[in-house]
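Participant: Below: one structure in structure tokens.
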Amino acid sequence: MRALGWVLFAGTCILAVLQGIMLSAAFDSLLSYDVVVTEAFPLVPIGSVIGAAVGALIVWRYPRNTVGWLFCAGQFGNALGMTAQAFAIVAARGLIEAGGAETSALYVANLFDATYTVAFLAVIFMLVPDGTLLSRRWRWAVALAVAAILVHHGIVVALPSSDFEPGASAIEYGTVTMVSVIVSSGALAGAIVLGAVALWRRLRTATGDRRLQLLWIASSAVVLAVTWLALWLTSIFLSPTPWVFYVAVYLAYIGVSVSVGVAILRYRLFDIDVILSRAIVLGVLAVFVTVGYIVVVVAIGWVLGAVKTSVNGLFWPSIVAMALVAVAFQPLRRYVMLLADRLVYGEQAVPYEALADLSRRLADSPSPDDLPSRVAATVGRAVGASRTTVQLGRPGDDGSIVVTAHWPDAEAAAQHGATVQCPVLDRGEQVGSITVIMPPGRNLRAAECRLVDDFAVQSGLAFRNAMLQTELAARVREVDARSRELAASRRRLVGVEDVERERLAGAIQRRVVPHLTPIVAELSADLDVADPALPAMLDRLTADAEKALEELRVVVRGVFPALLQRRGLVAALSAQLDATASPVALDVDESLTERLDPAVEAAAYLFCVEVVASATDGVIRLQVGDDQLVAEVRREAGAPELAPVGAEGWPLAAWQHAVDRVEALDGRVTFRPGAEAVLVRAVIPTGSQPSRERLVAAQTSSSRSGPKADLGTYAEEPQSGVMSRNSASS
């Protein structure tokens, strides 16, 4: 089916050539009024050949598109009618013996005249560019064009055969025939106007390239409609009709074919650039060979005639002419191919100029955000891609993708064809990728594949630099965030001394002073040495003083009890839970069988004590593994909150002191709320670190004020097993 379009195009060309030959034989000059205006030569044949070529190209690329077939059929019929008219003229002048064929030729000429051609163009305007109507109602507009052709053909068939014989007088129409002629011409005028209206309605809703495409075709359709209406009206009211109206219609007819060709060639209306490129090369070759052959043959004949040599019967001048023309075309072939590709492909015709342009752009050191978009646009234009995607990073690893750019920016509505992905490498490592999506029905040629590879090689170093810039920027942001955290930590450390001093004063006021106040009051009173109650009072005051001293020892000892240094983390936590009557259970894993670094135990103790300070239920779990101590506090579902939750969802403010101490040992604290339980976990490395010396010293100094009788009185015991709720001994 696709080849049929080219057959119709070839037939149109042959008929146009035959018309020119017959008219040149029938008339003295091809530039006379009778030839140019009456017979419409060469303007209308030129339009027919261009229109047939456009139709053949559309049929070859999209055989199911009705527009291509209408172009082919309409232009072939037009060329057939004009050639039949020329044949009738030649036969009427007796230049050939037609044997009565001129009558049939006149029938054919009247059947395939301007009405037939313009009706086809009107239908094309209603269907362009996708071969479908605007709506079902527009079928009546198509029916109007078909009715114009049928009525016109009915008029021609109804006329007697004597009206088509050579030398017949002018045709005189009857009333019915005149009405039919008016109906046919009116229907044709209405169809051409409706075709122009349909195009303009499509144009109003079109955007982007589709709007530019339709703008060319719609403009030519309006011009043809206006000139045709002008010719129709002047032919009714003026006799004879001025020649300028005929020429205007001829030029508008050519403009329709040219505008459709421009829409295809420049804006890729039907994506047939490969065919167009080779068609241009073939056309230039045909013209060059024809002209060259004629010139060489004439030159050889003139030389032989000058030396008085007869060339009749000699065939070698033709062979020499063909050889010379073939040899002369070879140096021009490359330039003709470049010209055709430049005309059809634009930037694709000079791909390595695009590569050089990309190199210059990369030398401008674009930012990592702009680099992928520049590469995508350059590659897409160079190979004529439907869509290009460039990724800066390692494809397949979402965490490493830095920037992704697309060209064009908006996703095209049309379907895509073949997809080719090319990795961008630098020193053997992939730093990005270039993905090229071609239009439907077209694949990357070998030269274009090599070009994409060259683009990838050229972009490798730039991609590497862009990734380094991005990683450096990320590292700078990370360092800046860490600096802000350190600044906040320094501010907390500056205030911790005052906070601890106030805390110590408050603890003394709450726990020590109440025991000393009664002693001061009673000792301030006058005492009677002979009072028998004095010894009992003194014993009571001594007991209060001892309680105050014990409370003072506990307060000044700080957060860490002496039991933590002597017996370790498990014993200290058990004693603390028992002392506070906490409902929180302690679960110790079997992996915790020996003492840990004092700084690690101190951090874990502080974490557990602060987290469970306000808890009314839960479990503390301790385990050791992979050189890490893991301390978890789990609150079961339905229990009150462990601590007031901050704005970001976890209580940093309440536990900040414990969090700082864990992070000082390169540990981390995580908070994970859930529907079933709330889990707070501290992971602390158990290896010795230089930063722990200060923590150990702080802990040791805080425990030196414990009771002297306790020093060395407790034996070291291994910490193992599972401690139940409030079951540890202190």
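Participant: Can you name the residue in the stretch 630-671 that is aliphatic (A, V, I, L, M) and in contact with a Pro (Cβ under 8 Å, 6 or more places away or on another chain) and, of all such residues, is modelled with the highest pLDDT? Give the derivation first.
Facilitator: Restricting attention to the stretch 630-671, the residues satisfying the condition of being aliphatic (A, V, I, L, M) are 630-631, 633, 637, 639, 642-643, 645, 647, 652-654, 658-659, 662, 664-665, 669.
When the remaining residues are screened for being in contact with a Pro (Cβ under 8 Å, 6 or more places away or on another chain), the result is 642-643, 645, 653-654, 665.
Working: LEU642: 50, ALA643: 47, VAL645: 46, ALA653: 57, ALA654: 59, LEU665: 85.
My answer is LEU665.
Participant: Name the single residue, out of those in the stretch 422-456 being free of Cβ contacts under 8 Å to residues at least 24 places away in the same chain and part of a helix (DSSP H, G or I), that is farthest from ARG381 (Cα to Cα).
Facilitator: ALA446
Participant: I've got another one for you. I need a count of the residues in the stretch 27-84 that are farther than 20 Å from VAL244 by Cβ and of a type in the set (A, V, I, L, M, F, W, C).
Facilitator: Qualifying residue count, the stretch 27-84: 22.
Participant: Would you point out the residue of the stretch 63-78, among those that are within 36 Å of the chain's Cα centre (by Cα) and of a type outside the set (A, V, I, L, M, F, W, C), that is farthest from VAL49 (Cα to Cα)?
Facilitator: It comes out as ARG64.
Participant: Here's a follow-up. State the number of residues belonging to the stretch 489-518 that are among the aliphatic types (A, V, I, L, M) and exposed (fewer than 11 other Cβ atoms within 10 Å of the Cβ). Please lay out each step first, then the result.
Facilitator: So the first thing to find is which residues in the stretch 489-518 are among the aliphatic types (A, V, I, L, M), and the list is 493-494, 496, 499, 504-505, 507-508, 512-513, 516.
Retained after the next criterion (residues that are exposed (fewer than 11 other Cβ atoms within 10 Å of the Cβ)): 493-494.
The total comes to 2.
Rundown of residues vs (1) surrounded by fewer than 20 Cβ atoms within 10 Å (Cβ to Cβ); (2) in the same structural domain as ARG210 (by TED's automatic domain parsing); (3) at pLDDT 85 or above, yes/no style:
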{"site": "LEU362", "(1), (2), (3)": "no, no, no"}
{"site": "VAL379", "(1), (2), (3)": "no, no, no"}
{"site": "SER400", "(1), (2), (3)": "yes, no, no"}
{"site": "PRO408", "(1), (2), (3)": "yes, no, no"}
{"site": "SER433", "(1), (2), (3)": "no, no, yes"}
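Participant: Can you tell me which residue among ASP34, ASP28 is surrounded by fewer than 20 Cβ atoms within 10 Å (Cβ to Cβ) and either basic (Lys, Arg) or outside any helix (DSSP H, G or I) (or both)? Walk me through it before giving the result.
Facilitator: Working: ASP34 fails: either basic (Lys, Arg) or outside any helix (DSSP H, G or I) (or both).
After applying the criteria, what remains is ASP28.
Participant: Is it the case, given these coordinates, that VAL258 is free of Cβ contacts under 8 Å to residues at least 40 places away in the same chain and in a helix (DSSP H, G or I)? Show your work before the answer.
Facilitator: On the way: free of Cβ contacts under 8 Å to residues at least 40 places away in the same chain: no; in a helix (DSSP H, G or I): yes.
Criteria not met by VAL258.
Participant: Pick out the one residue from ALA109, ALA141, ALA91, ALA53 that is among the small types (Gly, Ala, Ser) and over 28 Å from LEU23 (Cβ atoms).
Facilitator: Just one listed residue meets the conditions, ALA141.
Participant: Return yes or no: is SER48 of a type outside the set (A, V, I, L, M, F, W, C), out of contact with any strand residue (DSSP E or B) (no Cβ under 9 Å at 6 or more places or on another chain) and surrounded by fewer than 24 Cβ atoms within 10 Å (Cβ to Cβ)? Outline the logic, then answer.
Facilitator: Working: of a type outside the set (A, V, I, L, M, F, W, C): yes; out of contact with any strand residue (DSSP E or B) (no Cβ under 9 Å at 6 or more places or on another chain): yes; surrounded by fewer than 24 Cβ atoms within 10 Å (Cβ to Cβ): no.
Answer is no for this residue.
Participant: Kindly evaluate GLY131 against the criterion of being part of a helix (DSSP H, G or I) and of a type in the set (Gly, Ala, Ser).
Facilitator: Numbers: part of a helix (DSSP H, G or I): no; of a type in the set (Gly, Ala, Ser): yes.
For GLY131, the condition - part of a helix (DSSP H, G or I) and of a type in the set (Gly, Ala, Ser) - is not met.
Participant: Please enumerate the residues belonging to the stretch 577-594 that are assigned to a loop (DSSP other than H, G, I, E, B) and among the hydrophobic types (A, V, I, L, M, F, W, C).
Facilitator: Restricting attention to the stretch 577-594, the residues satisfying the condition of being assigned to a loop (DSSP other than H, G, I, E, B) are 580-584, 589-594.
Within the stretch 577-594, ALA581, VAL584, LEU592 qualify.
Participant: Here are some residues: LEU229, LEU188. Which one is within 22 Å of LEU144 (Cα to Cα), at pLDDT 85 or above and of a type in the set (A, V, I, L, M)?
Facilitator: Details: LEU229 fails: at pLDDT 85 or above.
Selected residue: LEU188, the only one of LEU229, LEU188 that is within 22 Å of LEU144 (Cα to Cα), at pLDDT 85 or above and of a type in the set (A, V, I, L, M).
Participant: Run down VAL90, VAL37 and say which single residue is within 22 Å of LEU121 (Cβ to Cβ) and more than 49 Å from the chain's Cα centre (by Cα). Lay out the reasoning, then the answer.
Facilitator: On the way: VAL90 fails: within 22 Å of LEU121 (Cβ to Cβ).
From the options VAL90, VAL37, the qualifying one is VAL37.
Participant: If I filter the stretch 618-629 down to residues being part of a loop (DSSP other than H, G, I, E, B) and loosely packed, with under 15 Cβ neighbours inside 10 Å, which single residue comes out as modelled with the lowest pLDDT? Full working, then the answer.
Facilitator: Kept after step one, since they are part of a loop (DSSP other than H, G, I, E, B), are these residues of the stretch 618-629: 618, 626-627.
With the extra rule that they be loosely packed, with under 15 Cβ neighbours inside 10 Å, the set shrinks to 626-627.
On the way: ASP626: 84, ASP627: 87.
Among those residues, the one meeting the criterion is ASP626.
Participant: Can you find even one residue in the stretch 499-516 that is under 60 Å from the mean Cα position of the chain (by Cα) and of a type in the set (A, V, I, L, M, F, W, C)? It would help to see each step written out before you state the result.
Facilitator: Within the stretch 499-516, the subset under 60 Å from the mean Cα position of the chain (by Cα) is 499-500.
Still in the list and also of a type in the set (A, V, I, L, M, F, W, C): 499.
So far as the stretch 499-516 goes, yes, one or more of its residues are under 60 Å from the mean Cα position of the chain (by Cα) and of a type in the set (A, V, I, L, M, F, W, C).
Participant: Among the listed residues ILE50, ILE21, identify the single one that is assigned by TED's automatic domain parsing to the domain that holds PHE245 and within 21 Å of SER257 (Cβ to Cβ). Quick ask: steps written out before the conclusion?
Facilitator: Working: ILE21 fails: within 21 Å of SER257 (Cβ to Cβ).
Unique residue meeting the criteria: ILE50.
Participant: To continue, here is another question. Working carefully through the options ALA456, ALA462, ALA466, find the one that is buried (at least 17 other Cβ atoms within 10 Å of the Cβ), in contact with a Cys (Cβ under 7 Å, 6 or more places away or on another chain), in the same structural domain as LEU371 (by TED's automatic domain parsing) and of a type outside the set (Phe, Trp, Tyr).
Facilitator: On the way: ALA462 fails: in contact with a Cys (Cβ under 7 Å, 6 or more places away or on another chain); ALA466 fails: in contact with a Cys (Cβ under 7 Å, 6 or more places away or on another chain).
Result: ALA456 is the single residue among ALA456, ALA462, ALA466 that is buried (at least 17 other Cβ atoms within 10 Å of the Cβ), in contact with a Cys (Cβ under 7 Å, 6 or more places away or on another chain), in the same structural domain as LEU371 (by TED's automatic domain parsing) and of a type outside the set (Phe, Trp, Tyr).
Participant: Take LEU229 and tell me if it is in a helix (DSSP H, G or I) and under 19 Å from VAL37 (Cα atoms).
Facilitator: Yes.
Participant: Here is a further query. Would you say THR234 is of a type in the set (Ser, Thr, Tyr) and modelled with pLDDT of 80 or more? So that I can check it myself, show each step before the final result.
Facilitator: Numbers: of a type in the set (Ser, Thr, Tyr): yes; modelled with pLDDT of 80 or more: yes.
Yes.
Participant: Of everything in the stretch 206-215, what is crowded, with 18+ Cβ neighbours inside 10 Å and modelled with pLDDT under 80? Give them in sequence order. Working first, answer last.
Facilitator: Pass one, the stretch 206-215, residues crowded, with 18+ Cβ neighbours inside 10 Å: 210, 213-214.
The answer is ARG210, GLN213.
Participant: Ok, one more. Check whether at least one residue in the stretch 64-75 is touching a Lys or Arg at 6+ places or on another chain (Cβ under 9 Å), assigned by TED's automatic domain parsing to the domain that holds LEU133 and not hydroxyl-bearing (Ser, Thr, Tyr), and report yes or no. If you could, list the steps in order and put the result at the bottom.
Facilitator: Taking the stretch 64-75 first, the residues touching a Lys or Arg at 6+ places or on another chain (Cβ under 9 Å) are 68.
Narrowing further to those that are assigned by TED's automatic domain parsing to the domain that holds LEU133: 68.
Add one more test, that the residue is not hydroxyl-bearing (Ser, Thr, Tyr), and what stays is 68.
Yes, some residue in the stretch 64-75 is touching a Lys or Arg at 6+ places or on another chain (Cβ under 9 Å), assigned by TED's automatic domain parsing to the domain that holds LEU133 and not hydroxyl-bearing (Ser, Thr, Tyr).
Participant: Report whether or not ALA109 is assigned by TED's automatic domain parsing to the domain that holds GLY51, in contact (Cβ under 8 Å) with a residue 12 or more places away in the chain and surrounded by fewer than 20 Cβ atoms within 10 Å (Cβ to Cβ). Can you show your working first?
Facilitator: Working: assigned by TED's automatic domain parsing to the domain that holds GLY51: yes; in contact (Cβ under 8 Å) with a residue 12 or more places away in the chain: yes; surrounded by fewer than 20 Cβ atoms within 10 Å (Cβ to Cβ): no.
Judged against the criteria, ALA109 is not a match.
The values are calculated or read from the model by the stated rules, or taken from the named source; none is laboratory data. Note that this is a predicted model, so its numbers are computed, not measured. Methodologically, a virtual Cβ is constructed for each residue, glycine included, from the backbone with ideal geometry; neighbour enumeration extends over all protein chains shown.
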